[in-house]
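The values are calculated or read from the model by the stated rules, or taken from the named source; none is laboratory data. This one's a predicted model, so the numbers in the text were calculated from it and none came from an experiment. Positions of Cβ are backbone-derived with ideal geometry, glycine not excepted, and every protein chain shown enters the neighbour counts.
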């Protein structure tokens, strides 16, 4: 599904990723953990095609296609979805309009017919209900006046509607209380599928209590320095990242 090969990335002329390698097979959930400044969000942003994040070397292959050669909308149409740590507000654009436009734009890009209004409303009502999202909320501007939990639930609603093949969750637990964390995590877990892979980026073990990963990676100084099972996240919770600071060699 996803293969990152020898990825080097600079931001504002500063080298952030230094030969990162990563493989996520179809249907797997991988967690990436690491200290501040290790390159976690940089990896998410360069995958999504955020301006200013320049891949100077390497490849990011999604089902064998190098997405670095694609525009952001092409990456989305090919099945990549990024849930932001801090979702943007878009005043003046109703959430419902935004959702329908995004969904139909992707369908059009793939050569599929656009959804009619009744078809779209049925999909939204069903997905929103599972995430405890009130339909009145969807008539407001995108994320305008939303709480942290509402913004994250809105992101998961987008995922549920767009049905991506690869979901990248960039610190989705940031700013969530326990109740909101459980609702968001339940929404993510409902989207787990043999045909869908997920990359969960987080500082903390608490998210991984709810979204249990198949594999955990430690990112430090722009490279994966340790890989293990879900128990690795517990070890990190107990011992912290000090042992990995500055480490740039692969470990098993």
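From 154, 143, which residue is at positive phi, touching a strand residue (DSSP E or B) at 6+ places or on another chain (Cβ under 8 Å), surrounded by 15 or more Cβ atoms within 10 Å (Cβ to Cβ) and touching a residue at least 12 places away in the same chain (Cβ under 8 Å)?
Just a single option satisfies the conditions, and that option is 143.
Restricting attention to region 52-67, report how many residues are surrounded by 15 or more Cβ atoms within 10 Å (Cβ to Cβ) and either in a strand (DSSP E or B) or at pLDDT 95 or above (or both).
Of the residues in that region, 7 qualify.
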*Identify the residue in region 84-99 that is touching a residue at least 24 places away in the same chain (Cβ under 8 Å) and in a helix (DSSP H, G or I) and, among all such residues, is nearest to residue 147 (Cα to Cα).*
95
*Restricting attention to region 37-49, does a residue exist that is surrounded by fewer than 17 Cβ atoms within 10 Å (Cβ to Cβ), farther than 24 Å from residue 158 by Cα and free of Cβ contacts under 8 Å to residues at least 60 places away in the same chain?*
yes
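Residues checked against (1) in a loop (DSSP other than H, G, I, E, B); (2) surrounded by 22 or more Cβ atoms within 10 Å (Cβ to Cβ); (3) touching a residue at least 12 places away in the same chain (Cβ under 8 Å):
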site	(1), (2), (3)
160	no, no, yes
169	no, yes, yes
182	no, no, yes
188	no, yes, yes
203	yes, no, yes
206	no, no, yes
212	yes, no, yes
227	no, no, yes
237	no, no, yes
*Could you look through region 105-116, keep only residues that are without any contact (Cβ under 8 Å) to a residue 12 or more places away in the chain and either assigned to a helix (DSSP H, G or I) or closer than 23 Å to residue 78 by Cβ (or both), and pick out the one that is nearest to the chain's Cα centre (by Cα)?*
107
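Output the residue which, of all residues in region 171-180 that are in contact (Cβ under 8 Å) with a residue 12 or more places away in the chain and in a helix (DSSP H, G or I), is nearest to residue 44 (Cα to Cα).
Top of the filtered list is 180.
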_Please go through (1) assigned to a strand (DSSP E or B); (2) in contact with a helix residue (DSSP H, G or I) (Cβ under 7 Å, 6 or more places away or on another chain) for residue 21 and return the number of the only condition it doesn't satisfy._
(2)
_Criterion first (surrounded by fewer than 17 Cβ atoms within 10 Å (Cβ to Cβ), assigned to a helix (DSSP H, G or I) and at pLDDT below 90) does residue 129 satisfy it?_
yes
*Could you tell me which numbered condition residue 73 fails, if it satisfies all but one of (1) loosely packed, with under 15 Cβ neighbours inside 10 Å; (2) in contact (Cβ under 8 Å) with a residue 60 or more places away in the chain; (3) in contact with a helix residue (DSSP H, G or I) (Cβ under 9 Å, 6 or more places away or on another chain)?*
(2)
*Are any of the residues in region 56-69 touching a residue at least 12 places away in the same chain (Cβ under 8 Å) and within 30 Å of residue 140 (Cβ to Cβ)?*
no
*When the residues of region 190-201 are filtered to those that are in contact with a strand residue (DSSP E or B) (Cβ under 9 Å, 6 or more places away or on another chain) and farther than 16 Å from residue 40 by Cα, which remaining residue is surrounded by the most Cβ atoms within 10 Å (Cβ to Cβ)?*
197
